[in-house]
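Encoded as structure tokens, the structure appears first; notes follow it.
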Amino acid sequence: MIKDKPVISNQYGALVMAFVPLIYAISLRGFYVIDLFFVLSWLFLYLFSYPFLSLFNKRITARNKKWAIIYAVISSIFALPILFKQPTILQFFIPMIPLVIIQIYYTKQKDERNLINDISGYLIFGIVGMAGYYLITQQYNIAILIHPTLFFIATTFYVKSVARERRNPLYKKLNIGIHILLMLSYLFFNYYLIAFAYLCGLIRSIILPTKNLNIKQVGMWEFLIITIFTVCLILS
């Protein structure tokens, strides 16, 4: 059944982003054994999203269908102990529904890199992080949604400014502007470490576009910046 190569997205940066809110949540309330099941369930649910969405952009193949089913089944198996412990965690699927509909829409339009589509994905990542926090505490922590989402949006403006929109000066201005605005906002509210992460992002936004980097190099730098942000987030 699974002799052929798995269907996996090559958007590795998005995979890293998908786990930042959850890592943040676990850092806030401590690690528990059940987190292993949560992480694995979320990993396979994330892997499921790529072949699943591919079914809506006229690239319907038996292989995509098969791997969407395989990932969904594995994710569900790992989710069973979580649902046994905290069945009310299913409530977090409710706000995800309109976000998934947005992603299906942009997939059908073959416009997956649309900013609104990106933001819907980031919100899903944040909701999963909130669910991970709720799993142990039965409390809602909106910061797990807000902090990573804002940083990912700023990161997206940078990536667009050096990739698809590199010839559009507006994106360069928006990229630098949003980093400055968010850095000053976090300074105002005394989130000094998170502000430092934005400073690192701002420096990258000013210097790296002059270096004529290829997409792989851009991705490597983004991994470093997101790592800095994650560490600052945990320590803040």
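The values are calculated or read from the model by the stated rules, or taken from the named source; none is laboratory data. Because the structure is predicted, anything quoted here is derived from the model rather than measured. Glycine gets a Cβ as well: all are built from the backbone with ideal geometry, and neighbour counts include every protein chain shown. To get the accessible areas, we keep the full protein, side chains included, count just its heavy atoms, and leave off ligands, DNA and RNA. Shrake-Rupley method; radii C 1.70, N 1.55, O 1.52, S 1.80 Å.
Observations on the model:
- One residue stands out in region 210-236 among those that are in contact with a Leu (Cβ under 7 Å, 6 or more places away or on another chain) and either charged (D, E, K, R) or part of a helix (DSSP H, G or I) (or both): the one that is least open to solvent (accessible area, probe 1.4 Å), namely C232.
- T227 being in contact (Cβ under 8 Å) with a residue 24 or more places away in the chain and closer than 22 Å to L15 by Cα: no
Quick grid of which residues meet (1) out of contact with any helix residue (DSSP H, G or I) (no Cβ under 6 Å at 6 or more places or on another chain); (2) hydrophobic (A, V, I, L, M, F, W, C); (3) at pLDDT 95 or above:
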{"site": "I144", "(1), (2), (3)": "no, yes, yes"}
{"site": "F151", "(1), (2), (3)": "no, yes, yes"}
{"site": "S161", "(1), (2), (3)": "no, no, no"}
{"site": "P169", "(1), (2), (3)": "yes, no, no"}
{"site": "K172", "(1), (2), (3)": "no, no, no"}
{"site": "M183", "(1), (2), (3)": "no, yes, yes"}
{"site": "Y186", "(1), (2), (3)": "no, no, yes"}
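- Taken together, I74, I101, I97 contain a single residue that is surrounded by 12 or more Cβ atoms within 10 Å (Cβ to Cβ) and either under 21 Å from the mean Cα position of the chain (by Cα) or modelled with pLDDT of 95 or more (or both), which is I74.
- Filter pass, I8 being open to solvent by 50 Å² or more (accessible area, probe 1.4 Å), under 20 Å from R113 (Cα atoms), modelled with pLDDT of 85 or more and not in a helix (DSSP H, G or I): yes
- For region 139-149, the tally of residues that are open to solvent by 60 Å² or more (accessible area, probe 1.4 Å) and outside any loop (DSSP other than H, G, I, E, B) stands at 1.
- Among the residues of region 8-52, the ones that are within 22 Å of I77 (Cβ to Cβ) and not small (G, A, S) come to 25 in all.
- Residue selected from region 160-209 under the condition β-branched (V, I, T) and more than 24 Å from E112 (Cβ to Cβ), by the criterion surrounded by the most Cβ atoms within 10 Å (Cβ to Cβ): I194
- Residues that are closer than 13 Å to G129 by Cβ and of a type in the set (G, A, S) were ranked within region 12-53; the one that is surrounded by the most Cβ atoms within 10 Å (Cβ to Cβ) is A25.
- Within region 105-116, the set of residues being in a helix (DSSP H, G or I) and exposed (fewer than 15 other Cβ atoms within 10 Å of the Cβ) comprises K108, L115, I116.
- Restricting attention to region 54-71, the residues that are open to solvent by less than 30 Å² (accessible area, probe 1.4 Å) and part of a helix (DSSP H, G or I) total 6.
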